[in-house]
Amino acid sequence: MPKWAMVIDLDKCTGCGDCMAACKLENNIAIVSPEEANVGRVMFWMDMITTYEGEYPNIKVKRIPKPCFHCDNPPCTRVCPVYATYKNDEGLVGQIYHRCIGCRYCMVACPYTAKVFNWYEPKWPDEFKSCLNPDVSLRMVGVVEKCSFCAHRLIKVKENADMEEREIYDGEYSPACGESCPTNAIYFGDIDNKESQVYKLSQSSRSYREMENLGTEPKVIYLSKRE
Amino acid sequence: MHAKTTYIAQVLSISLIWIFVIAIAIWIINLLLISIELKDVPGASIGISIIVIPVFFVLAGILTYVFIGLHKEEKKIIKSSQE
Amino acid sequence: MPKNKQLDFGQDAALYRPIYETGKGFYITVCVLLAVYLWALYLYITQVYYGLGVTGMNQPITWGFYIVNFVFFIGISHAGTLISAILRLSKAEWRRPITRMAEVITAIVLAIGGLHPILDLGRPDRMLNLLSDGRLQSPLLWDVTSITAYFTASTIYLYLPMIPDIAKLRDRGTKLKWFYNFLSWGWQGTAHQVKVLNRAINILMVMVIPIAISVHTVISYIFSMTLQPGWHSTIFGPYFVVGAIFSGIAALLIVMIVFRKVYHLEEYLKEIHFQYLSTLLLIMSLLWFYFTFSEFLTGIFGSQTHELHIIAYKFTGVYAPFFWGMVICNFVIPVIILSFKKFKTITGIMIVSISVVIGMWLERLNIVVPSLANPRMDLPLGIYIPSLVEWALFIGGIAVFMLGFTMFAKFFPLISIWEIEEGRKESIKDVEKRLRSYLPGKET
Amino acid sequence: MRDLIKKYFKLLIISLFVISVLIFWAASGANPTNIQPIAYNHKLHIESVELICSDCHIYVESMPSATIPNISICEECHSDDPITDSPEELKLIKYIVEEEQIPWQQIYSVPDHVYFSHRRHVSIGELDCSECHGHVEEMTEPISYPAWLPSMDNCIACHNELKITKDCLSCHM
C-alpha cells in the first residue's frame, strides 16, 4: 500500500496563492460572500497562513500554504460519532459528506484547524456554475468538508494504471495545488517508496512538520531554511 | 371492568420500558458488531457495552420488581375484602 | 384563602392546594412560557431551514452557545438526583421536603440538556445515523448512552417515591382519577408494599450516584479527549462534576425559594433547610475555587506555549470580563454572603444562588469559547458573537424548564407528603435511637 | 358530533389504512409501461444480427461510463430504407432523417457523489454485463426499470462477496 504525502518547499514558495485558487476550482468549494468571510466563514481547503514578524519598516512576512495534513494518527477521526471521517489504508483521511451529521466535533478536535463547515447551502455565482468539476460531488448545507488530497484524481490514476497493468509511477498522482504551483514548490507522492522524490525530500535537513510534539504525524512536510 | 383496563394499561407501560431497554441493548450490540467488522477499536466498544447494557436491565428490573410487588399485595387485599 | 377549605385537606393542606386550586397566575405563567417556547421553536425551524449560518458560530469557534448550554443544563440536572440520593443515603432527616423538588429538576433539565446537541447538529435529519452507524469510540456516543441511562434512572427515581402520594391523590378523588389510578400501581400502603418500595428506592439511590457522576465526567471528556490546549487536562472530570453539583444546588435553592413564596410552603421549607443547603453551597464554592486554581496553576507553571497563550487570553483577552465575572459570581459573592450570618438570609441566599447559576454558565462559556478562539496554528483570533437564534434557544430552554416544573407542580405534590408524614410519625423515635447508638454507654 | 366521530372513527382509520396500502402497492408493484421513445428489441439485435454489448455501448470497456448509443451508431446499419417492416424502425428512420438524437431515458444511474466506472468493473474486474444488467439478450422489450438497483447496500454486498475494497474513498468523492 502506498502512503501518500506532500512536501511543500517554503524556500521555493512565493506565497502567490495559486494553490488556493486551483484547489477552490478543482474541488467545487463554495464561494462565500464577503460579509460571511469577514465573520470567519471563508472556505479554503488549501489555506494560506500569513504571519508578520517585526515592526514597520522591518517586517518579515511568512506565507505558509496549509492543506489538511492527513495525519497518520488523526485526532479528528477518533472523535467522529458516525464514521463520516476516517483514515483509509493509503493514509488518506477521508470525509464522507453524505454521512456527516454536522456535529463539528472533528473540527474542534483538529489541532491544525484544517476543516471547514457549510454554514449555508453552498452557492456559486452563475459564471462559476458552468465550470464546476464533475468529478467532485457538491456538498450540502450543514456538513464538514476538508482537503481530500484530491482523492478523486487518485481513483482515475489507479484505474489508468490498472488498465495498463502497471504500478502508479512517481508524480502521476498529484493534487490540483501541486500541479498548479508556478514554482513547483509542492511535491506529492508515495512516502513509503524509497525511490520517490517525496521520500528523498522528506529526509532533507530542511524538513519539518507542524506540531510534531502532538504525535499526530502529519503527512505534509515543510522544507525551510528559516526557523 | 375499569380496574382491568387500568391493569392492562399498566402492564403495557411496563412492557414499554422493557422494549426501550431491549432496543438500547440491540443498538449497542449493533454498534459493537460494526466496530468489530471495521476493526475500529472494538476494545472501547466492548468496554462500554459491558457497563451500559446491565445498567439498563437493572433499572428496568427494579421497576418491574416494584410493579409486581405492589400488585400482588393489591390482589390479596381485594380478595380478602371480598371474602 | 378561606379557612374552611383548609380543613378539607387535613394537616398538609398547603401541599394539596396547588393541585386542586388553579389560580389566574397559573394560566398566565403557562401562556407566557408557551409563547416563549413557540418563539424559540420558530427560530429553530429557521435554523434548520437556512443552516447553522444563522448562528454566530464560525470557523475557529465551531462550538458556541448550544454546547455551552448543553454542559450548563446537564450541570444543573445534577442538583437533583445526586443530592437527594446522597441525603437519603446519609439519612439526613432534613431532606424530606427537598428531595422531590431536586428530582423533578433533574428529570426536566436533563431532558432539555440532552436535546441540546441536536440543536447543534448541522444536519438533524441524519440523527438516525447515530443508531445505524454510531461509533462507540467517540465521546459523543458515551454522552448519548450515559445521558440516556441517567435520564431513565432519574425518572424512575422520581417516580417510585411518588407512588404513595399519587395513591393519596387517587383516594382523595379528583377529575383525573383514572390518571392517578393508572400511575398509583395499586398502592394501598400495606407493610409489604412499603417494604418493596423502600428496597427499590435503596437500590436505586446507590445506583444513581455513580451514574450521575459518570454523566458529567463523560461530558468533560468531550473536551478533554481532544488535544486542544485548555481542554486536554485530566482534572476536567472531577472539575465538571464539582461544578455541576455546585450549580445544581444553586438551581435547587432558587426553585425552593420561588415555590416557597408562590405556594406558601413556609411551613415546610424552613429557614434551617436553606441554612444547611447554603452551607453545602459554600463548601462547593470553595471546592470549585480549589479546582479552578489548580487547573490554572498547573497550566501557568508548566508554561507550554499554547496553554499559556490561552490562559493569558482568558485573563486579559476579549473574553476577560466573562472570566472575571465568573470568579466574582462563583467565588467572591458566595463566600462574602455565606460566611456572615448577617447576610445569610433567604434574600441573601437567593442572590448567591442566582449569581452562582450565572457564574457557572460563564464558566462553561469560558471553557468552550476561548480555547476555540485561539487555534494552535498562527491563524487570526476568532471572535464569537451569539446571534438572536442562539439567545432565543437559550431562553426557550429555560422557559421549557419553567413550564415543565409548573406543569409538574399542577399535577403532583412538590413536597413528598408521605415522607413528611413518615417523618412526623417515625423519625423522631428513629433519630433518638440512632443518637443513642452514637453515644457512649449501653443502647436502651 | 362527538358520537359521530366515535362511531365512524374506526371506519375512518381502517379506510385510511386500506387506501394507503393500495397506494403503496400501486406505486411499488405496478410496472411502468414502456417509457422509451422506441421499443428497441435487444434480443433481436443480439441473436439475429449477432451484435455484442460493446458494439453499441462503445465505451463500456475503456471509459467510466458505458454510454447510451448515439444515433450515429444506429446509422451504421440503418439507413433511409427500412430493413424490416416493424413500425418501430420507421420511428428510428424519422430520427435519422431529421438528424435528431433519440431521447432515451436513462434507467441505471448513481447519485452525484458516487463514482461508478464501467471499465473498472468490466475490463479490470472482468465482470459480465449480466451481473448487474440481467439477461439483456432475452429482452424483447426496451428496458424500463433496472434489473438490479445500484444502491449502496447492493454494491457493498457484492464487494463483500468478492472481497473487493470497501474503502469509502474508492467510490465516494
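The values are calculated or read from the model by the stated rules, or taken from the named source; none is laboratory data. Small disclaimer: the values here were computed from a predicted structure and weren't measured. Every residue, glycine among them, receives a Cβ derived from its backbone with ideal geometry; neighbour counts consider all protein chains shown. Just so you know, the surface numbers come from the protein's heavy atoms only, side chains and all, with ligands and any DNA or RNA stripped out. Shrake-Rupley method; radii C 1.70, N 1.55, O 1.52, S 1.80 Å.
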How many residues does the stretch C:165-206 hold that are within 7 Å of chain B (Cβ to nearest Cβ) and under 30 Å from C:Val241 (Cβ atoms)? 4
Taking the stretch C:33-55, which residues are in contact (Cβ under 8 Å) with a residue 24 or more places away in the chain and over 30 Å from C:Ile383 (Cβ atoms)? C:Leu33, C:Leu34, C:Tyr37
From the residues in the stretch B:47-77 that are open to solvent by 70 Å² or more (accessible area, probe 1.4 Å) and at the interface with another protein chain (Cβ under 9 Å from one of its Cβ atoms), which one is nearest to C:Ala212 (Cα to Cα)? B:Ile51
Looking only at the stretch C:264-277, which residues are on the phi < 0 side of the Ramachandran plot and open to solvent by 40 Å² or more (accessible area, probe 1.4 Å)? C:Glu266, C:Glu267, C:Lys270, C:Glu271, C:Ile272, C:Gln275, C:Tyr276
Going through the stretch C:159-206 one residue at a time, which ones are open to solvent by 40 Å² or more (accessible area, probe 1.4 Å), of a type in the set (Val, Ile, Thr) and within 24 Å of B:Val55 (Cα to Cα)? C:Ile203, C:Val206
Out of the residues in the stretch C:278-309 that are of a type in the set (Val, Ile, Thr) and either within 27 Å of C:Ile257 (Cβ to Cβ) or at pLDDT 90 or above (or both), which is least open to solvent (accessible area, probe 1.4 Å)? C:Thr292
Taking into account only those residues within the stretch D:88-124 that are among the aliphatic types (A, V, I, L, M) and in contact (Cβ under 8 Å) with a residue 60 or more places away in the chain, which is nearest to D:Tyr59 (Cα to Cα)? D:Val122
Within the stretch C:63-112, restricting to residues that are under 25 Å from C:Thr148 (Cβ atoms) and of a type in the set (S, T, N, Q), the one that is nearest to the other protein chains (Cβ to nearest Cβ) is C:Thr81
Counting only residues that are open to solvent by 20 Å² or more (accessible area, probe 1.4 Å), give me the strands (runs of 3 or more DSSP E) lying completely in the stretch A:1-85 with at least 2 of them. A:47-53, A:60-66
Identify all residues within the stretch C:13-37 that are in a helix (DSSP H, G or I) and at pLDDT below 80; write none if there are none. C:Ala13, C:Ala14, C:Leu15, C:Tyr16, C:Arg17, C:Pro18, C:Ile19, C:Tyr20
Would you pick out the residues in the stretch C:113-158 that are away from chain A (no Cβ under 14 Å), surrounded by fewer than 23 Cβ atoms within 10 Å (Cβ to Cβ) and hydroxyl-bearing (Ser, Thr, Tyr)? C:Thr148, C:Thr152, C:Thr155
Any residue in the stretch A:119-146 that is in a helix (DSSP H, G or I) sitting within a Cβ distance under 7 Å of a residue that is of a type outside the set (Phe, Trp, Tyr)? List the pairs, counting only those 6 or more apart or interchain. A:Phe128/A:Ile31
Can you name the condition, by its number, that C:Met360 falls short on among (1) within 14 Å of chain A (Cβ to nearest Cβ); (2) buried (at least 21 other Cβ atoms within 10 Å of the Cβ); (3) touching a Ser or Thr at 6+ places or on another chain (Cβ under 8 Å)? (1)
Which condition does C:Ile415 not pass, out of (1) open to solvent by 10 Å² or more (accessible area, probe 1.4 Å); (2) assigned to a loop (DSSP other than H, G, I, E, B), if it passes all the others? (1)
Residues (part of a helix (DSSP H, G or I) and among the hydroxyl-bearing types (Ser, Thr, Tyr)) located in the stretch C:38-58: C:Tyr42, C:Tyr44, C:Thr46, C:Tyr49, C:Tyr50
Which ranges mark the helices (runs of 4 or more DSSP H) fully within the stretch C:308-410 that have 2 or more residues being closer than 30 Å to C:Thr62 by Cα? C:320-327, C:346-373
Residues satisfying the stated conditions in the stretch D:114-173, i.e. within 13 Å of chain A (Cβ to nearest Cβ) and of a type in the set (D, E, K, R): D:Arg119, D:Arg120, D:Glu126, D:Lys166, D:Asp167
